[in-house]
Amino acid sequence: MMWNSFGFYADLYDTNPITGNDQGERLLVGRAAELRKVKTRISNRSSVTSIEGNNGVGKTSVVLVAAHQLDRETSQSGKDSLLCLPKLFQIASDEDATEFKRKVYASVATLFIDREKELLRRMDLQFALGPLRAWLENPVFRQGGASMASFGGNLGSQPNSASGFDLQGFFNIIDRLLDAAFSDKGAVICVLDNLEILNTSATARDKLEALRDDVFAAKGIRWVVCGARGIVRSVATSPRLQGRIIEPLEIEPLDDDCIADLISARVEEYRAGPQSIPPVGVRSFEYIYSILNSNLRDALKYAGDFSLWLEDEGNYVPNGDELHGLFEAWVADLSDRYESALNVPPRAWQLFDDFCGRGGSISPSAFEEFGFNSSQSMRGAVSRLENGDLVVSEIDETDNRRKTINVTAKGWLIHHRRAGYVDRGG
Ligand SMILES: Nc1ncnc2c1ncn2[C@@H]1O[C@H](COP(=O)(O)OP(=O)(O)O)[C@@H](O)[C@H]1O
Ligand SMILES: [Mg+2]
């Protein structure tokens, strides 16, 4: 395996969120304040905690580690326990509230079954989990979705005795379980992640409103909702949800000063020997993190791509300085290749440079600041940039207008190249 040949047990630059366990706690750096805030919200309020922040900034990781810490810190608290559910929920625009509830309740059942002995003791819980096992093992139930509708569709009205499984019956068991397990303070922490996949605020609002009085209000479940691009903020101000969602907590990019800790935590965790040298060390990671406008997931992705390249070409050397030289050259080469494949007219390039100069996220209504006399006239140049994947526009389906225009990772690499490979990190 490639990581072995570099002297490590596992992928140092995995782009998945940090998991809610002891290892995750060691890998998460620079988030003491955020952890404290997330934990305060979850443990003191029964309303939905909400988190807003750019894609790849580290929202999910913070929430999962916070949940894990709460789980541990309440391990002696009996029915006041807060349990970390090691699973993330998403809701698609074509998914109904019942199907969503099925997924959530099935995961809650799995959590109790997986930790049966510990939890029965911890919460002094007299509850037979056997029937839940039968539910979870039923293939039709596990599959959910369309096949579920055929027998679980008319919820409550007609228990499907032929199959022996009706969905409402399952929901009732879980509600009883949660009721028996927790006081008003205790709960399973559930995360509804990536709300932005719903695309429009209107869809997101509809979905969450549908959950409001049901799974969001369920006793023994405490929710955290994460999303990017302002969608959580917009949902939180909906009159029908306002009372149930706590003002969003904004997660900002990890400070540059934390990168050294980030790399050393990973090296420490995964190294096979005392001298292992990571393919992308602190200096290189700071370099790419700064080029990519502090997007952690993008920086990890390119660090992983570079590692692959080292392996493919047999270029790995256990020497940090040499590796950094190779990394700079690789980044330069990659940006060159990106740029030479593009066909962007000068006016669009100028606009792109202006976007980058303004931090990479702009509103189309700001056309005047970019020297255009209408948003329509700026549109053409923006389209050229979109075609080259230098920027992406978020479109509001309800009125088809572009809400924000954001520079992509590829865009930032090209910007760096156009700026003459200046190391902005200093
Ligand atoms: N505080 C942190 N310390 C170390 N790595 C982090 C930290 N926060 C996030 N990461 C890493 O960055 C990537 C993006 O984090 P993630 O939580 O998935 O972001 P988001 O949910 O905001 O899109 C993941 O690979 C994760 O492992
Ligand atoms: Mg996430």
Revision key, fill the gap. Those residues of the range 42-57 which are more than 10 Å from ligand 1 (Cβ to nearest atom) and open to solvent by 60 Å² or more (accessible area, probe 1.4 Å) amount to ASN44, ARG45, SER46
Point to revise | So LEU323, is it in contact (Cβ under 8 Å) with a residue 24 or more places away in the chain and within 17 Å of LEU390 (Cα to Cα) | key: no
Check your understanding: Does ASN199 meet the test of being on the phi > 0 side of the Ramachandran plot, touching a residue at least 12 places away in the same chain (Cβ under 8 Å) and within 12 Å of ligand 1 (Cβ to nearest atom)?
Key -> no
Check your understanding: Going by the conditions given, is ILE113 farther than 14 Å from GLY220 by Cβ and at pLDDT below 95?
Key -> no
Check your understanding: In the range 12-50, what count of residues is obtained for those that are charged (D, E, K, R), within 16 Å of ligand 2 (Cβ to nearest atom) and within 20 Å of SER264 (Cα to Cα)?
Key -> 2
Exercise for review: Any chance you could count how many residues in the range 50-90 are without any contact (Cβ under 8 Å) to a residue 40 or more places away in the chain and among the acidic types (Asp, Glu)?
Suggested key: 1
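Rundown of residues vs (1) assigned by TED's automatic domain parsing to the domain that holds HIS68; (2) polar (S, T, N, Q); (3) within 16 Å of ARG176 (Cβ to Cβ), yes/no style:
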residue: CYS84; (1), (2), (3): yes, no, no
residue: GLU95; (1), (2), (3): yes, no, no
residue: THR98; (1), (2), (3): yes, yes, no
residue: ARG102; (1), (2), (3): yes, no, no
residue: LEU111; (1), (2), (3): yes, no, yes
residue: LYS117; (1), (2), (3): yes, no, no
residue: ARG121; (1), (2), (3): yes, no, no
residue: LEU125; (1), (2), (3): yes, no, yes
residue: LEU129; (1), (2), (3): yes, no, yes
Exercise for review: Inspect the range 275-282 for any residue being closer than 25 Å to PRO318 by Cα and surrounded by fewer than 16 Cβ atoms within 10 Å (Cβ to Cβ) and give the result as yes or no.
Suggested key: yes
Check your understanding: Of all residues in the range 281-314, which are of a type outside the set (A, V, I, L, M) and within 15 Å of GLY7 (Cβ to Cβ)?
Key -> GLY281, SER307, GLU311
Review point. Given the residues PHE355, PHE370, PHE285, which is the only one that is in contact with a Phe, Trp or Tyr (Cβ under 9 Å, 6 or more places away or on another chain) and within 16 Å of ligand 1 (Cβ to nearest atom)?
Key: PHE285
Point to revise | Candidate set: the range 58-69, residues that are open to solvent by less than 10 Å² (accessible area, probe 1.4 Å) and closer than 22 Å to LYS219 by Cα; chosen: the one nearest to ligand 2 (Cβ to nearest atom) | key: VAL63
Check your understanding: In this structure, does LEU12 turn out to be within 30 Å of LEU120 (Cα to Cα) and either more than 10 Å from ligand 1 (Cβ to nearest atom) or assigned to a helix (DSSP H, G or I) (or both)?
Key -> no
Exercise for review: Could you figure out which of (1) within 16 Å of ligand 1 (Cβ to nearest atom); (2) out of contact with any Pro (no Cβ under 8 Å at 6 or more places or on another chain); (3) closer than 17 Å to ILE91 by Cα; (4) modelled with pLDDT of 85 or more isn't true of VAL232?
Suggested key: (2)
Exercise for review: Could you tell me whether the range 158-175 includes any residue that is closer than 28 Å to GLY58 by Cβ, among the charged types (D, E, K, R) and at pLDDT 90 or above?
Suggested key: no
Check your understanding: Among the residues of the range 18-33, is any aliphatic (A, V, I, L, M), open to solvent by 60 Å² or more (accessible area, probe 1.4 Å), within 22 Å of TYR289 (Cβ to Cβ) and within 16 Å of ligand 1 (Cβ to nearest atom)?
Key -> yes
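Output the number of residues of the range 68-125 satisfying the condition of being hydrophobic (A, V, I, L, M, F, W, C) and farther than 25 Å from ASP22 by Cα.
So the count comes out to 5.
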Review point. Before we move on, is TYR9 away from ligand 2 (no atom under 16 Å from the Cβ), in contact (Cβ under 8 Å) with a residue 12 or more places away in the chain, open to solvent by less than 80 Å² (accessible area, probe 1.4 Å) and among the aromatic types (Phe, Trp, Tyr)?
Key: no
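The values are calculated or read from the model by the stated rules, or taken from the named source; none is laboratory data. The model shown is predicted, which means the values in this text are computed figures rather than measured ones. Neighbour counts are summed over all protein chains in view; Cβ atoms, including those assigned to glycine, are modelled from backbone coordinates with ideal geometry. Accessible surface areas use protein heavy atoms only, side chains included; no ligands, DNA or RNA. Shrake-Rupley method; radii C 1.70, N 1.55, O 1.52, S 1.80 Å.
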